[in-house]
Amino acid sequence: MGAREGTALHGIPLRALLVIGVIVLLVHALLLQALPSAPLAIKPPAMRAFTTRTVTLNAPAPKSEPAPKPKPIPPRKPRPEAARPQPTSPTPPQVPEPVTADAGATAPQAAPEPSPVAPTPATASEAVATNPSADPALNAPPALPPRETPVGASVLSIPGSARLKYDVTGEAKGLTYSARAQLLWLQDGSNYNTVLEVSAFLLGSFSQMSSGQITTEGLAPTRFADKRRTEVAAHFERDKGKVTFSANTPDAPLLAGAQDRLSVIFQLVAMFAGDPGKYPLATTITLPIVGPREAEIWLFTVDGAETMALPIGQMQAIKVSRNPRREFDQKIEVWFAPSLGYMPVRVKATQANGDFVDQKLRGVEKP
């Protein structure tokens, strides 16, 4: 007994230790039987993604640049039209009528200037058939503004201000005389004023005056006066469509394009200077003319070119005549010089009884 007990560990008998070990083994066996046969799946902890970041101290925030705009898609070129069939009987182009001014009708609308080259319908069809891009509908240039003001069926070129001086010869009641005359023409682009003064020794003097506006219709007189011993005048009341006379003669209707006996000279100057090719030989120009006491219709005929000797020198001019229509009408002859912008270089008025006044240019100067 004493020897067995002496084998105890730390005072605990060996038998007790064996009993404790058996008990521990039994407990482990019971625990193993209670656990499920499949092993426990232990999920590893989720790994966080590792990121890096660079931080710059005191650095300004970068400016955001706008996104580039998408490039525009170029428009598709139009496909050339197919060749047009050539008409069997093309209609010939219309030819404008000779230039005349209709005094009984209202002012006609301005006609467009013809293009320098206008092919006939057959020529145009052949060009399109051989070259589709030659179609004028595809390659028509933009319309250009007219260089001068269209007036009715003609084109005007208003002359600049000038003073025209004339030597005058005449005959009155069988008496021949000489005189001097001056025709003053002033215009500022919107208004005009013109004065004719004739003075003769022993016969006295007379004058005519016309004033008005410059419009797309040409010269638009507002007042015309004729002064010999006394002055008589005609007033153009455009808002009322009539002409009144200071001589107490009946009013007259104000017709389109009406001129007075002095303004008509510069109206014709502007017409010839604007397009002289529209007034060939024998062309008739009809204009309503207002005198100091009445209004009437004047017919002017283009008589052609003449070369004449004048006090200013030899000069070529276009002669235009107003022939009498009634028994006591005046015959008016005017010569317009192309070299002077179609200014009148000679004016002759002949009365029904044979009396006349003939003005021939001797000088031109600026007013």
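Please give the net charge around Glu296, taking every other residue with its beta carbon less than 11 angstrom from that of Glu296, where Lys and Arg add +1 and Asp and Glu add -1. Could you put the intermediate results ahead of the total?
Details: positive: Arg261, Arg293, Arg322, Arg325, Arg326; negative: Glu294, Asp329.
Result for the local shell: +3.
Going by how many other Cβ atoms sit within 10 Å of their own, how do Tyr342, Tyr166 line up, fewest first?
If I rank by nearby Cβ atoms, fewest first, I get Tyr342, Tyr166.
What residues qualify as long-range amide H neighbours of Ala337, i.e. H under 5 Å apart, gap of 5 or more or another chain, H built at 1.01 Å from N?
Ile318, Tyr342, Met343, Val345
Distance check, please: which entries in Lys227/Lys331; Lys173/Lys242; Lys242/Lys331; Lys165/Lys319 exceed 29 angstrom between their Cα atoms?
From Lys227/Lys331; Lys173/Lys242; Lys242/Lys331; Lys165/Lys319, over 29 Å: Lys173/Lys242.
By counting other Cβ atoms within 10 Å of each Cβ, how are Lys173, Lys360, Lys240, Lys319 ranked from fewest to most?
In increasing order of surrounding Cβ atoms, one gets Lys173, Lys240, Lys319, Lys360.
How would you rank Ser339, Ser207, going from fewest to most other Cβ atoms within 10 Å of each one's own Cβ?
By the 10 Å Cβ count, ascending, the order reads Ser339, Ser207.
Rounded, prolate or oblate: which fits region 155-365, taking a ≥ b ≥ c as square roots of the Cα gyration tensor eigenvalues, rounded meaning a/c under 1.5, else prolate when a/b beats b/c?
rounded
Any read-out appearing in this document is the output of simple, stated calculations on the displayed coordinates, not a laboratory observation. What you are looking at is a predicted structure, and each value in this text was computed from that prediction instead of being measured. Because the Cβ atoms are built from the backbone with ideal geometry, glycine has one as well, and the counts that use them run over all protein chains shown.
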